[in-house]
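Please read the structure below before turning to the comments.
Derivation of every value follows stated rules applied to the coordinates shown; laboratory data play no part. Every value quoted in this text rests on a predicted model; they were computed, and no experiment measured them. Because the Cβ atoms are built from the backbone with ideal geometry, glycine has one as well, and the counts that use them run over all protein chains shown.
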Amino acid sequence: MAKKRIALLLFIVILTVCGCSAGNSSSSEKTTLTLWYWNRGLDDKLIASIETQFPTLQINAQKIGGDFKSKLKTTLAAGSGGPDIVAFNDWVTEMFPNSDRFYNLYDLGAKEIEPDYLDWKWQLGVSPEGKMIALPIDTGPTALFYRADLFEKA
């Protein structure tokens with residue numbers, strides 16, 4: 001299900017980008033989209049499979065090391081040099097002051113898939129003004145595993 005959601009998100013972005021440049025290119029040309037994400041933030045095999053699903057698309061996937069969030073904020077403040085697609089974490093709400101720099105995913109059909117998501121997770125990507133700037137890709141589960149026998153012994 002997660003692969004389907006990521007593919008749908010990328011498809012939405014593809015439609016937007018291709019729609020904006022439809023008059024400037026032929027159908028045989030590839031559209032290149034830059035994706036920023038952090039190590040293990042997205043599955044590399046999934047990213048590679050996008051080009052198979054969408055042959056006219058090329059993903060320039062860039063793993064951003066260091067302080068990912070600061071780099072994104074700096075890029076937004078500069079007003080240029082940013083990616084076409086960016087992976088967020090639970091700090092997505094910090095991007096709301098810059099929501100004018102993101103597509104409103106509701107305008108691109110995201111409302112149709114909203115029932116497939118947990119409401120609390122969906123709402124994390126919706127700004128106070130009602131603009132959806134981020135689509136959930138997981139629920140961010142956290143777990144602790146331990147051996148009960150060693151725990152009791154300690």
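The HN-Hα couplings worked out from phi for the stretch 55-66 by the Karplus form 6.51 cos²θ - 1.76 cosθ + 1.60 (θ = phi - 60°) are x, 8, 10, 10, 9, 9, 7, 10, 7, 8, x, x Hz, whole numbers, x standing for Gly and Pro.
Highest mean packing comes first when the peptides 132-140, 112-120 are listed by Cβ atoms within 10 Å, giving 132-140, 112-120. Applying both filters, DSSP loop and at most 12 other Cβ atoms within 10 Å, to the trypsin sites (Lys or Arg not before Pro) of the stretch 70-140 eliminates every site. The magnitude of the dipole of the stretch 35-93, with charges of +1 and -1 set on the Cβ of Lys/Arg and Asp/Glu and taken from the Cα centre, is near 180 debye.
Amide H contacts of THR31 (H built 1.01 Å from N, in plane; Pro and chain starts excluded): LEU57, GLN58 sit under 5 Å, all sequence-distant by 5 or more or on other chains. Label sites at GLU94 and ASN60, each approximated as a point 7 angstrom past Cα along Cα to Cβ, lie 2.5 nm apart. Computed on the Cα trace of the stretch 24-81, the radius of gyration divided by the Kirkwood hydrodynamic radius gives Rg/Rh = 1.06. Database remark: amide H of ALA61 closer than 5 angstrom to the amide H of LEU35 (H placed geometrically; neighbours at sequence offset of 5 or more, or on other chains; Pro and chain starts carry no H). Summarising the amide proton neighbourhood of LEU42: residues at separation of 5 or more, or on other chains, whose placed amide H is nearer than 5 Å comprise an empty set.
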